[in-house]
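Data block below; observations after.
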Amino acid sequence: MDQNKLNTKRIFSGIQPSGVLHLGNYLGAISQFVKLQGDTNSECIFCIVDLHAITVPQDPKILREKILELAALYLACGIDPTKSTLFVQSSRPEHSELAWILNCFTNMGELNRMTQFKEKSENKSNYSVGLFDYPVLMAADILLYQTTHVPVGEDQKQHIEITRDLCERMNNKYNGLFTLPEPMINKQTARIMSLDDPNNKMSKSSPSPSSYIGLTDSPEIIREKIKRAVTDSGSEIKSGEDKPAISNLLNIFAAVTDREIADIEKDFEGNGYGEFKDALAQAVISKLAPIQEKYNKLIAGKDELRKILADGSAKIAPIAQKTLSEVKKSVGLG
Ligand code: AMP
Ligand code: TRP
């Protein structure tokens with residue numbers, strides 16, 4: 001097991017291949033991943049978490065397409081397979097196997113408290129056991145690779161906490177099986193809010209496409225969505241607790257241009273929402289244009305994408321196998 005542990009950072013994160021990847025995913029997660037892969041002391045592993053996607057119903061044909069689309073988007077956003085490992089969760093059976101073992105050390109009450117589960121199951125007459133168990137599979141993803149750091153958006157914080165609890169529980173019982181992972185949450189971009197309701201996060205599963213900016217949205221659609229984004233009372237372009245909508249738009253503006261909010265506020269002093277929204281739309285379009293160009297090329301080469309994913313899976317297999325075999329031995333299985 002010690003060989004499996006590192007002196008350097010090991011970064012692991014995952015994204016579900018469902019719905020439309022949006023600006024919140026990019027700013028909260030993927031752009032952080034890209035920055036981290038440049039650090040020579042970090043080994044980065046990024047996952048397409050298809051087993052998490054099937055916790056809610058999926059059309060098999062669409063899911064298969066979404067997996068390759070997400071691979072192309074990761075790469076188009078700057079994930080470089082020579083620097084990071086990119087793979088599909090279900091290609092490594094160790095994830096499900098470790099999740100089962102961890103299930104047997106997780107209490108119902110712990111999972112009952114998960115706010116994401118409460119939100120996703122709310123108002124549904126039925127939902128899967130998988131949806132309830134989702135955080136344990138996520139813990140398995142992270143612990144399997146002896147991960148030191150997990151870059152995610154704010155909504156995943158509670159899932160990292162339960163991962164840490166499980167890690168400590170198993171380590172106390174079985175003498176240091178796993179590395180204790182730390183969340184990495186970028187304050188400014190941890191929670192990008194919906195364009196039509198600044199009290200809700202921008203979300204893939206939103207029924208209203210005007211609530212998010214998809215990473216592959218055309219310039220016309222981006223302009224239209226930003227034009228229609230809700231604003232606050234008053235007309236000042238100023239961030240503040242009493243101005244959740246404008247604060248969110250300013251936050252997006254700052255993140256896509258790498259500028260300070262105060263600077264942008266100064267630029268728009270005396271201007272109305274119209275000018276501000278035009279400039280914001282242009283900034284988002286400019287940020288996404290090179291990503292979309294790369295994405296269109298990559299998605300045309302499906303075999304190449306499959307090869308990158310298969311190579312990624314093969315590359316990290318020894319780490320996953322080693323951890324799982326230690327865990328099985330510790331609990332008395334094999
Ligand atoms: P998901 O879309 O649920 O697979 O999430 C993939 C990653 O994007 C996770 O790290 C999430 O925390 C992050 N994320 C999702 N929505 C947002 C958002 N509105 N703002 C910031 N980060 C987000
Ligand atoms: N639950 C995460 C989300 O929906 C996705 C995920 C699955 C993940 N496994 C992970 C994120 C492991 C980080 C680490 O956003």
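No lab work stands behind these numbers, since they all come straight from the coordinates. Predicted, not measured: the structure shown is a model, and the values here were computed from it. Cβ placement follows ideal geometry from the backbone for every residue including glycine, while neighbour counts extend to all protein chains displayed.
Summary table below
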{"item": "For the chain, share of DSSP beta bridges that run antiparallel, in % to the nearest 5", "result": "10"}
{"item": "Equivalent ellipsoid dimensions for the range 264-334 as semi-axes, Å, which come from the Cα gyration tensor, largest first", "result": "49, 22, 7"}
{"item": "Sum of side-chain charges, ASN172 neighbourhood, beta-carbon under 14 Å (Lys, Arg +1; Asp, Glu -1)", "result": "+1"}
{"item": "With Cα atoms, 0 to 90° folded angle of helix 219-228 axis to the chain main axis", "result": "70"}
{"item": "Estimated FRET transfer efficiency when R0 is 51 angstrom, pair ASP197-ASN175 (beta carbons, to 0.05)", "result": "0.55"}
{"item": "Residues of the range 133-166 with amide N under 19 Å of the 7 Å Cα→Cβ point at LYS118", "result": "133-136, 154-163"}
{"item": "GLU220 versus GLU269: modelled label distance in nm, points set 7 Å from Cα along the beta carbon direction", "result": "3.9"}
{"item": "Relative contact order (%) - criterion: Cα under 8 Å, at least six apart; region: the chain", "result": "23"}
{"item": "Rg to Rh, two decimals, where the range 82-186 supplies the alpha carbon set and Rh follows Kirkwood", "result": "0.97"}
{"item": "More than 16 Å apart - percent of Cα-Cα pairs taken over the range 167-274", "result": "66"}
{"item": "Shape of the range 1-136, Cα gyration tensor, a/c cut at 1.5", "result": "oblate"}
{"item": "Acute angle (nearest 10 degrees) that the helix 157-174 long axis makes with the longest principal axis of the chain, alpha-carbon atoms", "result": "20"}
{"item": "Among SER31, LEU98, HIS52 the positive-end extreme of the charge dipole of the range 1-128 (Cβ point charges)", "result": "SER31"}
{"item": "Crossing angle, helix 273-299 versus the chain [Cα axis fit, 0-90 degrees, rounded to tens]", "result": "40"}
{"item": "Total charge dipole magnitude, the chain, about the Cα centre, Cβ charges on Lys, Arg, Asp, Glu only, Debye to nearest 20", "result": "920"}
{"item": "Semi-axis lengths, Å, the chain, gyration tensor of Cα atoms, sqrt of 5 times eigenvalues", "result": "36, 22, 19"}
{"item": "Simple Cβ-charge dipole of the range 32-95, Lys/Arg +1 and Asp/Glu -1, about Cα centre, in debye nearest 20", "result": "80"}
{"item": "Other-chain or far-sequence residues with amide H under 5 Å of VAL20's (modelled H)", "result": "none"}
{"item": "Charge-dipole axis of the range 154-268 as Lys and Arg at +1 and Asp and Glu at -1 on Cβ define it, positive-most pick from PRO219, SER247, HIS159", "result": "HIS159"}
{"item": "Charged-residue dipole, Cβ positions (Lys, Arg, Asp, Glu), the range 235-334 about Cα centre, Debye nearest 20", "result": "1060"}
{"item": "Loop GluC sites (Glu not before Pro), the range 150-251, which have at most 12 other Cβ atoms in a 10 Å radius of their Cβ (DSSP)", "result": "GLU241"}
{"item": "Distance between modelled label sites at SER205 and THR257, nm, 7 Å Cα→Cβ extension", "result": "3.5"}
{"item": "Under Karplus coefficients 6.51, -1.76 and 1.60, residue-wise ³J(HN,Hα) of the range 314-320 in Hz, glycine/proline x", "result": "5, 5, 9, 3, x, 5, 5"}
{"item": "Gain upon complete extension [ASP165, GLU326; 0.36 nm per residue less C-alpha separation]", "result": "56.1 nm"}
{"item": "Inter-site label distance for LEU63 and LYS157 at 7 Å from Cα along Cβ, in nm", "result": "3.1"}
{"item": "Charge dipole of the range 1-117 about the Cα centre (unit charges at C-beta), most positive-ward option of LEU63, LEU21, ASN107", "result": "LEU21"}
